[in-house]
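Structure first, then comments.
Every number here is computed from the coordinates shown, using simple stated rules; none is lab data. Keep in mind that this is a model prediction, so the values were computed, not measured. Cβ atoms come from the backbone with ideal geometry, glycine included; neighbour counts cover every protein chain shown.
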Amino acid sequence: MRKAAAAGIVTALSVVMTGCGSGGSGSEKSTVTLWMYPVIMDQAANKSFWDKVEKDFEAKNPAVDVTIDQQPWDGRQEKVTTALASRKGFDLVVLGPDQIPQYAQQGTLEPVDDVVAPEKAAYLPNSLTALSVDGKLYGVPIYQTITAPIYNKKLFADAGVTKVPETWAELKEAAPKLAAAKVAVLDYPGKPEVSLNQSFYPILWANGGSVFAPDGKSVVVNNQQGVDSLQYLLDLKAAGGLPENTASKGNDIEGGPLAAGKTALYHAATAIQADQLGAAIGAENVGIGLPLEGTKRVAFGIPGGLVLAKHSEIKDAARKFAAYVASAEVAGPLAKESGFFSARTDVTIPGQSEASKEFAKSLEFAFPGDTHPKARQVMSMIAAHVQAALIGKEDAKAALDAAAKEANELLAAGS
């Protein structure tokens, strides 16, 4: 039965005393504990959804008792690390591709290939790949996120650009025409606090570049593809193609230059941001495109995966519940309520909007970013130097050479 959020302290104390995966000592039921996060933003809708998931599963599996423990996003990494190290807290937890590798390498996770095996063909290949480490699947995909370009149709038309750019080269060609109308073609967010997954990295990936070497032992963002990608931004700035405050601006749509008609396109937006832009300029003026193409098309998007703790004492029951949460029966309603997308190809999302359907076209290009245990720390180093280049303090090569040097020193220092 469900343990209410108000009893969170009691639940936490119980977990510390008894661990997770209780089912021994004469108990007839196995208790599976899942740490879930607010993927459904509305608290009432979130509670209602997971109450139903729990109730429906328990009705079909009377020998299993499920506790869905709602956790905050804040402090997730620290709490999960502590739980895995102390071997108590949860049987299942929702993690992303940037978190799984370090735990898999530490040996604290259980592979879950067998959970998806019966319906493997129904999952997005990119979702499975993103949640795998060294050929083993460590997360059962339950949702998928995606980003895509959103743009102001009217601004392009008014500037005489009859074909909205579909490639990075075409975007650069369009820059002078829009600049003549005092419009920056790209709403680039250079503020370091904005994830590079939604600013610089998509340009890097589209040009065939990457942050880390294939073996993960070094940072190679300063190779030719990286330098060319940053130089592209600097050239665009010189052509009036970036906002004047691009080095310090965030990627908020509401109250930002895209909503004000001062920029024309944001290359790594979410579906929610498309709705926000529609509210500002009229939905009829909002376009949604495929990822801008360089040498290839790449869109930042990550799956959320149910991860099984190696310390769980009821792995079979946990696997059964993970398979249920990832099933088509749950995946469609979850996508509807969360606003994310399904990680399955055999799911119809009830009431899916036309804008959401346009975003879904980019799912085949989803890429979770350069996953690495030090990815977040390396990102902050690169972001600072990209900003320095946008300000004019460093040229493209010097900026990325400096970032790579700092990052490689970090990697060499170890954990």
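Grab the beta carbon distance between D114 and A59, set R0 = 35 Å, and tell me the FRET efficiency rounded to 0.05. List each step's numbers first, then the result.
Values: r = 24 Å, r/R0 = 0.69.
FRET efficiency, D114 to A59: 0.90.
Assuming 1.306 mPa s and 10 °C, estimate D for the chain with Stokes-Einstein, Rh taken as the Kirkwood radius over Cα pairs, in µm²/s.
Details: Rh = 22.7 Å.
Translational diffusion coefficient: 70 µm²/s.
Report, as a whole number in µm² per second, the diffusion coefficient that Stokes-Einstein gives for the range 72-209 at 37 °C and 0.692 mPa s using the Kirkwood radius over alpha carbon pairs. Don't skip to the end; give the middle numbers.
On the way: Rh = 18.7 Å.
After rounding, the answer is 175 µm²/s.
State the extension gain, in nm to one decimal, for the chain segment bounded by D158 and E254, taking 0.36 nm per residue of separation less the distance between their alpha-carbons. Mind showing how you got there, number by number?
Details: separation 96, 0.36 × 96 = 34.56 nm, distance 2.25 nm.
Here the answer is 32.3 nm.
Multiply the residue separation of Q352 and K182 by 0.36 nm, subtract the distance between their alpha-carbon atoms, and state the gained length in nm to one decimal.
Working: separation 170, 0.36 × 170 = 61.20 nm, distance 3.60 nm.
Result for the pair: 57.6 nm of gain on full extension.
Calculate, in nm to one decimal, what Q105 and S380 gain on full extension: separation in residues at 0.36 nm each, minus their alpha carbon distance. Write down the numbers at each step before the final one.
Details: separation 275, 0.36 × 275 = 99.00 nm, distance 2.32 nm.
So the extension gain works out to 96.7 nm.
List the chymotrypsin sites (Phe, Trp or Tyr not before Pro) in the range 63-136 that DSSP assigns to loop (not H, G, I, E or B) and whose Cβ has at most 15 other Cβ atoms within 10 Å. Which are they?
Numbers: sites: W73, F90, Y103, Y123; in loops: W73, F90.
Sites meeting the loop and neighbour criteria: W73.
Which FRET efficiency value, to the nearest 0.05, do you get for T81 and Q43 by plugging their Cβ-Cβ distance into 1/(1 + (r/R0)^6) with R0 = 30 Å? If you can, show how the numbers build up before the last one.
On the way: r = 26 Å, r/R0 = 0.87.
Once rounded, the FRET efficiency stands at 0.70.
If packing is taken as the average number of other Cβ atoms within 10 Å across a peptide's residues, how do 224-230, 140-146, 310-316, 36-42 rank, most packed first? Don't skip to the answer; put the middle values down first.
On the way: 224-230: 21.0, 140-146: 24.6, 310-316: 17.9, 36-42: 16.0.
Listed from highest to lowest mean packing, they are 140-146, 224-230, 310-316, 36-42.
State the antiparallel share, in %, of DSSP beta bridges confined to the chain, rounding to the nearest 5. If you can, show how the numbers build up before the last one.
Details: 22 of 36 bridges.
Percent antiparallel among DSSP bridges in the chain is about 60.
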